[in-house]
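Worksheet: one structure, shown below.
The values are calculated or read from the model by the stated rules, or taken from the named source; none is laboratory data. Treat the numbers as computed from the prediction; the structure is a model and nothing was measured. Cβ: placed from backbone, ideal geometry, glycine included. Neighbour counts: every protein chain shown. Note: areas computed on protein heavy atoms with side chains; ligands, DNA, RNA excluded. Shrake-Rupley method; radii C 1.70, N 1.55, O 1.52, S 1.80 Å.
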Amino acid sequence: MRSFLEVDDLTVEELNRVIDLCLAPNPPKVLQGEGAALVFEKPSNRTRNSMEMAVHQLGGHPVYIRGEEVGFDKRESVEDIVSTLSGYYKCVAARVFDHKILERMAKVELCPIVNLLSDEGHPMQALADVLTLVKEFGDINGKILAFVGDGNNVFRSLAMAAGMLGAEIRFAGPSYYRLSDIDKDRLAAVGVEVNEFDFAQDAIDGSNVVYTDVWTSMGQESELEERKKAFEAFTVDMSLMEAASPDAVFLHCLPAHRGEEVTEEVIDGPKSRVWDQSENRMHASRGLLTWLLSEGQQ
């Protein structure tokens with residue numbers, strides 16, 4: 001039983017195949033007459049809407065379930081919840097705080113599990129990101145991607161996806177907020193190395209892609225002031241974008257805090273691809289579900 005908890009659940013060949021399916025205009029109705037459970041411990045604008053529309057486009061019926069409705073290990077065990085949901089739905093996708101919940105769900109092996117975000121990774125966002133870049137450049141092998149800010153779950157999945165497709169990965173951010181050695185080892189296992197820089201301009205110099213994310217994510221509100229101070233030298237502004245390659249584009253997974261991690265001139269400027277990136281969440285979801293529910297289970 002194949003699930004999708006992180007990008008490296010796919011081989012490079014499979015990742016390329018998923019991207020091809022994301023680009024397909026008329027995907028097969030792999031969910032015709034079936035349902036998909038979408039469990040959200042953490043709310044989201046793009047994740048909910050993109051997944052619901054992807055399920056619909058594949059002929060299925062999406063059902064949004066709030067975290068408190070199932071109550072992982074409170075109302076019922078994680079295993080019992082999945083055993084129940086698998087009787088109704090073709091797959092279960094979940095957006096959770098603790099990645100271990102997803103791992104336990106997948107171990108039940110009654111239906112495919114999809115990670116819509118956890119504290120360790122955001123692979124569906126990463127699929128949308130590389131899809132955006134493939135549409136922009138055709139091939140990202142040899143392209144330079146510079147991520148500025150927090151080496152968080154978004155960055156780990158992004159580095160994995162783009163690196164597996166041959167991109168050079170650079171990171172600039174405070175030393176305290178970089179990927180852990182465990183994360184770096186996991187990336188190295190799929191042939192991905194992250195080149196780290198102390199200064200944003202050094203990472204961005206000559207890059208084809210500049211990417212940033214919010215400095216304070218959901219659940220980190222108590223760290224707000226501490227993080228603002230730590231990241232104050234890592235705002236992506238026009239002077240930084242000028243250090244990038246002439247063909248460079250700007251990406252952000254959204255929601256954005258203009259004036260903090262990125263200036264208005266950059267995110268709303270001509271190099272920004274954030275709205276294409278946002279729409280591609282739907283296409284990425286559709287492609288992944290198509291592969292997972294057909295070729296991925298063969």
Residues that are touching a residue at least 60 places away in the same chain (Cβ under 8 Å), in contact with an Asp or Glu (Cβ under 9 Å, 6 or more places away or on another chain), closer than 23 Å to N49 by Cα and surrounded by 13 or more Cβ atoms within 10 Å (Cβ to Cβ): does region 227-250 have at least one?
no
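Yes or no, residue by residue, for (1) touching a helix residue (DSSP H, G or I) at 6+ places or on another chain (Cβ under 6 Å); (2) closer than 20 Å to V154 by Cα; (3) not hydroxyl-bearing (S, T, Y):
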site: M218; (1), (2), (3): no, yes, yes
site: F231; (1), (2), (3): no, yes, yes
site: F234; (1), (2), (3): yes, yes, yes
site: D247; (1), (2), (3): no, no, yes
site: C253; (1), (2), (3): yes, yes, yes
site: E261; (1), (2), (3): no, yes, yes
site: E265; (1), (2), (3): yes, no, yes
Residue satisfying all of: in region 20-49; open to solvent by less than 10 Å² (accessible area, probe 1.4 Å) and part of a helix (DSSP H, G or I); nearest to D98 (Cα to Cα) among these:
T47
For A128, all conditions in the list (1) assigned to a loop (DSSP other than H, G, I, E, B); (2) under 12 Å from the mean Cα position of the chain (by Cα) hold save one; what is the number of the exception?
(1)
Can you find, within region 89-117, the residue that is nearest to R48 (Cα to Cα) among those that are within 17 Å of the chain's Cα centre (by Cα), buried (at least 21 other Cβ atoms within 10 Å of the Cβ) and in contact (Cβ under 8 Å) with a residue 60 or more places away in the chain?
L116
Suppose we keep only residues that are more than 24 Å from the chain's Cα centre (by Cα), among the hydrophobic types (A, V, I, L, M, F, W, C) and part of a loop (DSSP other than H, G, I, E, B) within region 224-261. Which one would you say is farthest from G138 (Cα to Cα)?
A233
Quick one: in region 1-19, of everything that is of a type in the set (A, V, I, L, M, F, W, C) and in a helix (DSSP H, G or I), which residue is surrounded by the most Cβ atoms within 10 Å (Cβ to Cβ)?
V7
Is it fair to say W275 is farther than 28 Å from I113 by Cβ, modelled with pLDDT of 95 or more, within 20 Å of the chain's Cα centre (by Cα) and not in a strand (DSSP E or B)?
yes
Counting only residues in region 57-84 that are out of contact with any Leu (no Cβ under 6 Å at 6 or more places or on another chain) and within 30 Å of L23 (Cα to Cα), the one most open to solvent (accessible area, probe 1.4 Å) is identified as H61
Unmet requirement for F137, which otherwise passes all of (1) touching a Lys or Arg at 6+ places or on another chain (Cβ under 7 Å); (2) under 22 Å from S50 (Cβ atoms); (3) surrounded by fewer than 23 Cβ atoms within 10 Å (Cβ to Cβ):
(2)
Out of region 63-100, which residues are assigned to a helix (DSSP H, G or I) and charged (D, E, K, R)?
E68, E69, E79, D80, K100
Being of a type in the set (F, W, Y), touching a strand residue (DSSP E or B) at 6+ places or on another chain (Cβ under 9 Å) and buried (at least 16 other Cβ atoms within 10 Å of the Cβ) is the filter here; which residues of region 174-217 pass it?
F197, Y211
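Name every residue in region 98-119 that is charged (D, E, K, R) and closer than 20 Å to F155 by Cβ, in order of residue number.
Within region 98-119, D98, D119 meet the criteria.
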Hey, among D276, D213, which residue is closer than 13 Å to F147 by Cβ and either in contact (Cβ under 8 Å) with a residue 12 or more places away in the chain or hydrophobic (A, V, I, L, M, F, W, C) (or both)?
D213
Pairs, first over 14 Å from V92 (Cβ atoms) in region 46-66, second in a loop (DSSP other than H, G, I, E, B) and open to solvent by 70 Å² or more (accessible area, probe 1.4 Å), C-beta under 6 Å, six or more apart:
L58/K29; G59/K29; G59/Q32
